[in-house]
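Handing you a structure now.
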Amino acid sequence: MTPHPVIQVRDLVKRYPTKTALDGVSFDVHAGEILGLLGPNGAGKSTSMKILTSYLSPSSGKVTVDGIDLDVDPVGVRALLGYLPESTPLYLDMVAYDYLMWIGEMRGFDRATCHRRIAEVASVVGIKEVIGMQIGQLSKGYKQRVGLAQALLHNPKILILDEPTSGLDPNQIVEIRNLIRDLGKSHTVILSSHNLAEVRQVCDRIVIIHRGKVVADGSVDELEGKVGASHKLVVGVAPAAGAPTSAVAALLAGLPRVKAAIFTHDVRAPVPHAVYDVEADADVRPELADAIGKAGHTIVELRRKSMDLEAIFQQLTHDV
Amino acid sequence: MSNTATESLAPSPTRGASATAIATPRPPRASSMRPVITIARREMAATFDSPIAYIAGTVFLVVTGLLFFFGVSGADDFFAAREATLRPLFEYAPWVLAVILPAVTMRLLAEEKKAGTLELLVTLPVTDLQIVLGKLLGAVGFLAVALLLTGVFPLLVAMKGAPDLGAVAGGYLGLFLVGTAFLSLGLMTSTWTHNQIVAFIVGLLLCAFFWTATDALLKAVFDPVPSVLQLLNFQNQFSDFSKGVVDLRNVLYFVAVTAVGVAVSTYSLQSRQWK
Amino acid sequence: MATATPASPAAAPATRSRTDAVVMLGATIGIAVVINALALQTSVRLDLTEQKIHTLSDASVAAAQALDNVAVTVYVSKKLPETIPTPQGKVPLRGIERSFRDKIDEYLRASGGHMSIAYADDNSPGVGTIEEQGEAAKLEPFSSTEAEVTGGQLKFARFVMGATFHYKTVHEVLPKALQPGFYEFEITKILLRLKEKHDNAELMKEPLAHGKALFEGVKACNEAVQKAAKVDEKEADTTAGLNLKAATDPTQKRLDALKLARPDLDKVCKPVGDLVTKEGGPLKGKNQFGDNLVQAANQFREAWDDLAQTVGPAGSAEPDKKAVMPPHIVVPQLVNVLEQLFREVDRAHQTLTDSPGRKQIGFLCGHDEFCPFGEAEPFVQEQLAMMMAQNNPMMKQIVQAATQIAQGIDETNGRIGDNLFTKRGYSIRRVDPGEPIGSDISALIVYAPRKAVSEYTKFQLDQFLLSGRAVVMLAQEWEVALMNMAASDDIGNDMRTDYTAMTATTSNLGDILKGWGIELKKEPILDSEHVDTVRVMQLVNRGGLQFQTQQDFPYGLIPVAVDFDRSHPLTRSLSNLALPYTTSLEVTTALRNDKRFEVVDVIKSSKTSVRKAPPIPVIPPALNELVKRTPPTGPHTLALYVRGPFPSLFAGKELPKRPKREDKGKDPMGMERPKDTDENVDNDWALAKRQFRAEGSGKLLVVASNLGIEGLSRATVLSGFDLSKLTQFSADTIKLYQQWQAGFQNWQIRIGQVSHLLGDNLQFLYNVLDWASSHEALVAIRSKGDTRRPLEQIENDDARRLRLGALLGAPLLLVGAGLARWRMRRRRDAALQV
């Protein structure tokens, strides 16, 4: 990670007549990292990205991309970026190949280079087999890939992807996430999402935006540390023969730093066990596993309970 | 995802050459015509891929043809007049253009706004002016095709007589200029809304206003209408062309109207960035 | 990439706020307006038309440069109407003002500073509206189609658009400029005329001086009378103070005022009578304008005499007792009449002053040719008619009927002359046979005589040509009657349709031309391909009702000329000329080879034309059948231009004497005519001999057709009218009367047969007139402004096919190309691989 950030965002404010979309957002993006902009709908993720791509202008604040002041040379900045707007707007009546060719020409490539790049990008995003089809006839996933291909065509330094997985089915989501992770190896990527799991899976670093403000900025671990002041676990225990569920609950609750342990439900098959919610002050998984083992019970399941985004926000905003 | 493909995106020392070759070219200068032409080509292809081009084109050719042969009243007969002239064509074609050209321009930006593709377009390394000019040029391409197809009328007249080819050339130049001015007005209204029908109706009203109604409306305010304001009327500015006279004043007028239309469109497109 | 150049702000001025945008847009519009405003001052224009229709011709530029300091005053109403009514319907005025100003500006630039232009305005106090100024400057006001309500009255507003041109002492007016196509023609004509007028004014000094003296005398008298008669209440009280009782009625007051002013009036008005004899004497007989002025002045004098008599001598309380009407009623009328007559005098004087610039074109009359004038002489002498009537009241009726027909003919001819020539600015003049041709005539038209001209007229023609002036001869060797009306054999029945026939005229133009080496062939020229149509009126009897229908047939006897001499101004821009019933012209080898002569075959018939001696059937199908059978002999010369030293036809011969004029009593003005005597005739003969030219350079244009314009004359229609034979009333008399009516109808029918050709043919005729009156420059300008580009005659079926082809062809091409493109793309897309 280079010490000089590729993108510097400083004190962005974007006011609309009726509301303030961004209220002093600042963050850096470093070369080669995949940055996740996280936040619920309407938090200001898209607005930030629109400003980065100079679709919108900030009311105040400053953005520098690769040393170029966005305010001075927006066209120069746009040349460095590949952008996939939210919900992937495409010219539906165009054939994918023609569309990509057009994008390439708009970006200043000659047709031969375009053709070569289309071939390369098409195999990267996996649209070779649909390259001769009208975009309008493609499935949602393919459309998304065409959108990605469009953003990748000029091998941009920076990729900006606004909600790249929204509206896709789970398989497609997995594929696109993998794709983005691969791309992240050679590009600086900013993606926005309201899905914490996705961000955690894909991103090196997360900036959480809430109500127009950056509420958290750091690596996944750092953030989890930050919000990890409360650790919630889900524990599935097949009690030792004859042991009542309440005994397990008591055992769990009795462990040091555990604040509460509550039985939630039984699971009968394939391995019958009882499930407990455990709340602790720290990550107590090793101690917990240890204690259960020692008591003769069997751990069937032990995982951290994922926090939903809203909860994190609540927590973060509460903390801040 | 194959590994080799991923590698091609991550320039390795061995593939450095190819990576350099695909390095993004410098963004074209803001005054460059290249993106303008690229946009125009796509617009023309989009126009001729959609039925609107064929509907508008057919309506234009048939209605103009009927007016050419029979006049407004339907009682005139071109062949009975036995005159090798194309004045009827130049007299009536602008009326039809004023109606069909807004139908061609209505989708130019309204459609992109509605579909969201505008966001992609304006974040490509081009200026708003280049976009507007490209869109206009694409529509002008349609106009050129439509006017080219009216060539059957001079052809027919030349078969049966000897029309004044100079006058015909002047008339066509006039049609082209007045048509471009109409397109510029139509494009302007298309930047104002994401509703194509609204863009069409407002465009039509504007074109009709400039083509025919300025006199009447101005008369309601001024009586007599100052001659300076009479110059606003497209018809007054067009009549010399149909006679075969190309007057710098008339040319500049239509160029100016087109330029103002382009300017308004550009600023309207930029309004998204206003603080 | 980090060093990417910032976008140039000038190339793409990005706006950051609404205010920015408003400012930038304001700047854009401002620049656009400034550039356009600057452009309005320029006049960079490109005339793409093949003949530079919209650019001043060299002749116009030369005319503008030839005059020093022409002052032009332009009168254009501030608010012009949308449309104006014309006989052709409403005509829009859109943009006409700009065209007019542009054209004037073009002259200004062409003149190289020799012209100054002022635009009349109504800004300064006391000058009146532009319309009033224009009318005062003798412009012709016009009204719009829309009436306006002013002061509760429906009124047609009046407008002016025109200009006046001053050059040194002379003056010309463009009274109404509503036809942009003719602006150049009109303005250049005015400029040429200004020059000629100025040049000729020197020569005409004497008659103009007489005219002016006469005019001033009349003017002084009229002014004095009008002033004296203009009384309002107050004035009447003081001036007529002595006669207070009588002065209650304003008309009575006026009478009293006039009576009171009588001594002063006598002083001014009595001399008018003397002036008419003193100044009018030398003016009379010089030219028609002088005559007109003297006549008008004379009428004014008579009216003054009447007024003087009615008013009675100064101071006498009792006016003329013989008066039928009370004088206080008659006097105001007379005062008004005087004013009207003064205006006549003014107009006549104006025309006289203008006359030096007008070249007069003479039309020879008296041989059943096209003679566009009413006759000066009454059809039947009044005394004679009275005598006849005393003998037989029925005869009175028949004479009256004949007189009416004669009047109809006169009016028609007069109207034709007015509409075709006078209103277009040609000054035409009647040339009667048996009279010397006036020296003020610069060109002579012999328009298709159907009777032989006398030896004396031939002599006049000969000498006119040899004097260097232009002679135009149009020949009519055949009369073609597709339908002829005739009196019915049964009295009381309608007229019957008579024969269809082709009869030779008795014109002797051929004899005359032969003397100059030109042969006018007697055989008609027919054509099978290049023909126009004849329009046939047919009376169809259907269910006892008669319907008139018309039908056009392609007609071999109306060949269309296709071969024009493009080097000659007469035919340079002609494209279509149909020459009904034409014969052909040939030139002797001697003349053709004579280097001193310029011989141009200006119009020729097509290669498919046929020269065919009669008999020729005139019914269209039969005729066309004949033409198809006959092998072509064309091309033939149909019009010929010859310039050079013509020999006189009378060289070495005894010159013919002028026939003695008949004693016709008083002239139409009521003045006694001097009796012609043998001595007069001999004197004229002696003079003619002294002036005789045996050779002289002249220019002659001969056209072997009448262009479809057939003369209407008393002699042709009222054939058989002989007072001496009309002593007894009989059935024949009624038949005769019917025959006259038929004669008039036959003329209408024959004109109607070819009337659709007149538009193009008249253009040629106007070219001929301009050329003949040596305004050759105008020929070029007119043909430019009025170039017709004809479309081939297209049969109905063909027209339908062509229309359908054009209407469907273009859209089909569009849609077809679209489909082809779509299919190509689909094939490509399917095969697309990367």
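Dividing the alpha-carbon Rg of region C:58-203 by 2.2 N^0.38 Å yields what?
Against the empirical 2.2 N^0.38 Å value, I get 1.12 for region C:58-203.
Run the numbers on region A:228-319 and let me know its relative contact order in percent, using alpha-carbon pairs under 8 Å that are six or more apart.
39
Compute the normalised compactness of region B:29-273: alpha-carbon radius of gyration over 2.2 N^0.38 Å, N being the residue count.
Working it through for region B:29-273, the quotient is 1.05.
Taking every pair of alpha-carbon atoms in region A:5-226, give the share separated by more than 25 Å as a whole percent.
Values: 9226 of 24531 pairs.
So the portion of pairs separated by more than 25 Å is 38 percent.
Describe numerically, in nm with one decimal, the distance between label points set 7 Å from Cα along Cα→Cβ at C:Leu545 and at A:Asp266.
Simple spin-label model gives 11.2 nm for this pair.
Determine by what factor the alpha-carbon radius of gyration of region A:228-319 differs from 2.2 N^0.38 Å, reporting the quotient. Could the numbers behind the result be given before it?
On the way: Rg = 13.8 Å, N = 92, 2.2 N^0.38 = 12.3 Å.
Against the compact-globule rule of thumb, the ratio is 1.12.
Can I ask one more? What is the antiparallel percent of DSSP beta bridges lying wholly in the protein assembly as shown, to the nearest 5?
If we restrict to bridges inside the protein assembly as shown, about 75 percent are antiparallel.
With labels modelled as points extended 7 Å from the Cα through the Cβ direction, what inter-label distance (nm, one decimal) is found for C:Ser116 paired with C:Asp552?
With each label placed 7 Å out from Cα toward Cβ, I get 5.4 nm.
Follow-up. Report, as an integer, the average count of C-beta atoms from other chains found within 10 Å of each Cβ along C:406-419.
Mean inter-chain Cβ contacts per residue within 10 Å come to 0.
Okay, next question. Do the alpha carbons of any pairs in C:Lys212/C:Lys660; A:Lys143/B:Lys135; A:Lys45/B:Lys114; C:Lys451/C:Lys521 sit beyond 28 Å of each other, and which pairs?
Table pairs above 28 Å Cα-Cα are C:Lys212/C:Lys660.
What ranking do C:Lys675, C:Lys138, C:Lys259 get, fewest neighbouring Cβ atoms within 10 angstrom at the top?
In order of increasing Cβ crowding within 10 Å: C:Lys675, C:Lys138, C:Lys259.
What whole number of Å gives the distance from the Cα centroid of region A:67-145 to the Cα centroid of region C:432-477?
Comparing the Cα centres of region C:432-477 and region A:67-145, I get a distance of 91 Å.
When Cβ neighbours within 10 Å are restricted to other protein chains, what is their mean count per residue of peptide C:812-819? Could you put the intermediate results ahead of the total?
Working: counts 3, 6, 12, 6, 0, 4, 7, 1.
The shielding value for this peptide is 5.
Now a separate question. Rounded to the nearest whole Å³, what is the per residue volume of the convex hull around the Cα atoms of region C:423-484? Mind dumping the intermediate values first?
On the way: hull volume 8.0 nm³, N = 62.
Normalising the Cα hull of region C:423-484 by residue number yields 130 Å³.
Find the relative contact order for region A:5-226 and round it to a whole percent, using C-alpha pairs within less than 8 Å whose residues are 6+ positions apart. Present the calculation step by step, with values, prior to reporting the outcome.
Numbers: 425 pairs, mean separation 65.5, N = 222.
The value is 29 percent.
Where the Cα atoms of the protein assembly as shown are projected onto their three principal axes, how long is each span, largest first, in whole Å?
Projected onto its principal axes, the Cα set of the protein assembly as shown covers 170, 96, 68 Å.
A follow-up question, please. Suppose a student asked you for the relative contact order of region C:557-631, using Cα pairs under 8 Å spaced at least 6 residues apart; what percent would you report?
Across region C:557-631, relative contact order equals 34 percent.
Next question. Would you list B:Thr47, C:Thr457 from fewest to most Cβ contacts within 10 Å?
Neighbour counts put them in this order, fewest first: B:Thr47, C:Thr457.
Now for a different question. I want the antiparallel fraction of DSSP beta bridges within region A:5-226, as a percent rounded to 5.
55
Values in this text are rule-based calculations from the coordinates and carry no lab data. Just so it is clear, the structure is predicted and the values come from calculations on it, not from any experiment. Reconstructed Cβ throughout: ideal geometry from the backbone, glycine too, with neighbour counts over all protein chains shown.
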